[in-house]
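To keep things clear, I will list the structure first and then write my remarks on it.
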Amino acid sequence: MARTNSGKSTLYIPILISIAMALLLVARIYIKGPFQTLLNPDSQIGWKSISDLERDKENYHSSLVLFDFSADWCQPCKRMDKVTFQAQDVVKKVRESFYPVKVIVGSEHEKKSVTDLQTKYSLFSIPTFVVTLPSGEWVYQKRGFFPPKDFIKMLDNAKLKSYFVRAELKMAKQDYKGALAELNPDVVSGKKQIEDEIPMMVYFHILKNLGRLDEAKVAVKKRFDFVYSKKKNAIQPGSDKPLPWPLPFYQYLLGELDEDKLMRATSAWYQKSEINCAIALNALENNQKDLALKTFHKAAESSYYSNSDSFRLAELYIKELEP
Amino acid sequence: MNKPSLLSPTLIRFNLWEKIRAWRVGIPIFLFMGLPCYMMLISVIDSTEPELAAKNVWHIYDNASIYFLLAYLFISDGLLTGRPTGEPETLNLLFTRPITRTCYVLSKFFCGFIGSSVVLLISAAMTLGIATTLGITENPIDSHFILSIFLNSLIFSSFYVCLHAMPSMLGLIAYLFFSGCQTVGDIMSIGYSQNAPTFFKHVKDAILFFNYWFGDVFPSTVDFSLIASSFYACTELVVVYLSNLSLFLFFAIFMLSIREFSYGAD
């Protein structure tokens, strides 16, 4: 028997640990096996199938579509179902503004539609959450497990971004008034700053085409100053090097940088795609349709992932401009 | 009246104090402590979105590798003796004294838990100080954050003490097997072709079987706020956590009990 130097036995400790281990092992096997369905109640989100989406197409004009690409064997997907999709805040948020569609990858049910969606949204891992407009335009995409708080933030971001996507659709048809009306009122009033390059460019061109260039420049300059104040430590005094990204992009919008210098400001493929979009929009405004189309093609080609803001914008214009 | 000793003061003093004083272990521990502060400093200074950059830095405390390496530093004697992969020398020495296997395992486990928790809590306090100085107002330090550090330190210390108690080759095989079972799940989520031949589908099913039943033996970090928000939904998570904890301690004591040690090595 195991004894300490004081002569007392400590054998009860390994015995207790063994009993606890055995009991917990049995509980673990039961929970992962026969009891799994009991611990995984149906979510109140009310997930729909792809065929439901096709059927209800006419009735959800104001909603966004939320696709949850999931699989029977995917552990993070199961955790999403058990934790995140059971949270009341998440249920409320999804039901308020989204049409939720569960896409089971690898199942025989709706196999063709699932494969089409996977290809359309360039899916390469699961779980992936894709937000689209009812008309199918890609808005936002994230993959992996999200706790409830982060998932709600993701839905809020998707909603904010959807304003710009709707505006882009009208802008591509040269309906600039309609495009401005689609934007988030907080952005138009200046209460909320636009954080990404493509949405800033969309806002700039909408205002410019409505004859409000000064106002457009003020918005871009404000963003430039904000980013500059954060990046100024990274700028060497008297250096000939281009400013850190995305400052050259804003300089180009403000007319302070030419196309060649903008192209040399970065080597990243996704930034090249944004640059090509900016150059193409300028060419379009100068009535150089052929050059614009060619440059939009370049922008689409330089998007490694087909799901990006610049790829979507380029595709929209290519559709409009191609004879 | 003498009480049975569950923890060895000599071992605790050695692992928590003598090791920190030795440069071979002390320097890595202080580097671990300072790493998040440094990350916070450089991320926030050169960022257009400092709040977001700061938030990303706080994710260091969810990183399994940090807990695993800290458990290694406080439990293993390898770095101190200059033989990181060999048999622990103090183990042989200690079995010449009247100390039980249970006492040895629990003392090492306790040192790993206390050492990792204290290092990470001090580090979090320093990082908070830097973040506040840089004007970051949104910081995640609350009771849930602290409890998560304790829970993660507990599970990773028990896992490491189990590997430490095994003969080094068996420990390595166990580590590779369980981390492999966990990783195949991620690999499967990348390749999910529906048109694969039947043979490959059977292979996939076998891989997924191992991933399902053994993938969660290799510990991953837990977030206490997730458990607190929905305990019922996290039943499986809690049971797996407790089951792993008891499994690691049981195997650590069991492996130590059946092992033979060469006293001639001392």
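Considering every residue in A:9-19, what mean count of other chain Cβ atoms within 10 Å of its Cβ is obtained?
Details: counts 2, 8, 3, 2, 9, 11, 1, 1, 13, 5, 2.
Other-chain Cβ atoms within 10 Å of each residue's Cβ, averaged: 5.
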- Between the helical axis of A:88-97 and the dominant principal axis of chain A, each derived from Cα atoms, what acute angle in degrees is found, rounded to the nearest 10? 30 degrees
- Task: Tell me, for the protein assembly as shown, which Cys residues have no other cysteine's C-beta sitting closer than 4.7 Å.
- Result: A:Cys277, B:Cys37, B:Cys103, B:Cys111, B:Cys162, B:Cys181, B:Cys234
- Query: Where the centroid of each part is defined by its Cα atoms, how far is segment A:306-323 from segment A:155-231 in Å?
  - Reply: 18 Å
- Message: Give me the percent of accessible area attributable to carbon and sulfur for chain A, probe 1.4 angstrom.
- Response: 52 percent
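Convex hull volume of the Cα atoms in segment A:43-154, per residue, in Å³? Don't jump to the answer; show the numbers that get you there.
Numbers: hull volume 10.7 nm³, N = 112.
Considering the Cα atoms of segment A:43-154, their hull volume per residue is 95 Å³.
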- What is the dipole size for chain A, taken about its Cα centre, with +1 at each Lys and Arg Cβ and -1 at each Asp and Glu Cβ, in debye to the nearest 20? 1300 debye
- Item | Extended-chain gain in nm, criterion 0.36 nm per residue less alpha-carbon gap, B:Lys55 and B:Leu176 | 40.4 nm
- Cα-based Rg of segment A:99-186 normalised by 2.2 N^0.38 Å, two decimals: 1.27
- Query: Can you pull the mean other chain C-beta count within 10 Å for peptide B:236-248?
  - Reply: 6
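To the nearest 20 Debye, how big is the dipole of the protein assembly as shown about its Cα centre, given +1 on the beta carbon of each Lys and Arg and -1 on that of each Asp and Glu?
Details: 60 positive and 56 negative charges, 245 e Å.
I would put it at about 1180 debye.
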- Over its alpha-carbon atoms, segment A:172-321 yields an Rg and a Dmax in Å of 15.2, 45
- Message: Using only the Cα atoms of segment A:79-119, what semi-axes does the equivalent ellipsoid have when each is the square root of 5 times a gyration tensor eigenvalue? Give whole Å, largest first.
- Response: 25, 13, 7
- Item | Equivalent ellipsoid semi-axes, the protein assembly as shown, via Cα gyration tensor eigenvalues times 5, rooted, Å | 54, 30, 20
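Order of A:178-188, B:244-254 by packing, highest average Cβ count within 10 Å first? Before the final figure, lay out the partial values.
Numbers: A:178-188: 16.6, B:244-254: 22.9.
Highest-to-lowest ranking by the protection proxy: B:244-254, A:178-188.
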- Just how far, in whole angstrom, is segment A:103-150 from segment B:1-41 if you go by their alpha carbon centroids? 47 Å
- Item | Residue (of B:Ile173, B:Thr100, A:Met21) at the positive-pole extreme of the protein assembly as shown, dipole from beta-carbon charges | B:Thr100
- Dipole of segment A:172-321, positive end: most advanced residue of A:Met263, A:Ser303, A:Leu243 [Cβ charges, Cα centre]: A:Leu243
- Go through B:Met33, B:Ala131, B:Gln182 and say which Cα lies farthest out towards the positive end of the charge dipole of the protein assembly as shown; charges sit on Cβ, +1 for Lys and Arg, -1 for Asp and Glu. B:Met33
- Message: I'd like the orientation of helix A:148-172 relative to chain A: the angle between its Cα long axis and the longest Cα principal axis, in ° from 0 to 90, rounded to 10.
- Response: 20 degrees
- Query: Rg and Dmax of chain A, using alpha carbons, in Å: what are they?
  - Reply: 26.1, 96
- Note on the structure: Rounded to the nearest 10 degrees, the helix A:269-285 long axis (Cα) sits at an angle to the longest Cα principal axis of chain A of 30 degrees
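Please compute, for peptide A:246-254, the average count of beta-carbon atoms on other protein chains lying within 10 Å of each residue's beta-carbon.
Values: counts 1, 1, 0, 0, 0, 0, 0, 0, 0.
Partner-chain Cβ atoms within 10 Å, mean over residues of A:246-254: 0.
The values are calculated or read from the model by the stated rules, or taken from the named source; none is laboratory data. Here the structure is a predicted model, which means the values were calculated and not measured. With ideal geometry, Cβ positions are generated from the backbone for all residues, glycine too; neighbour counts draw on all protein chains shown. Remember, those area values only see protein heavy atoms, side chains included, never the ligands or the DNA or RNA. Shrake-Rupley method; radii C 1.70, N 1.55, O 1.52, S 1.80 Å.
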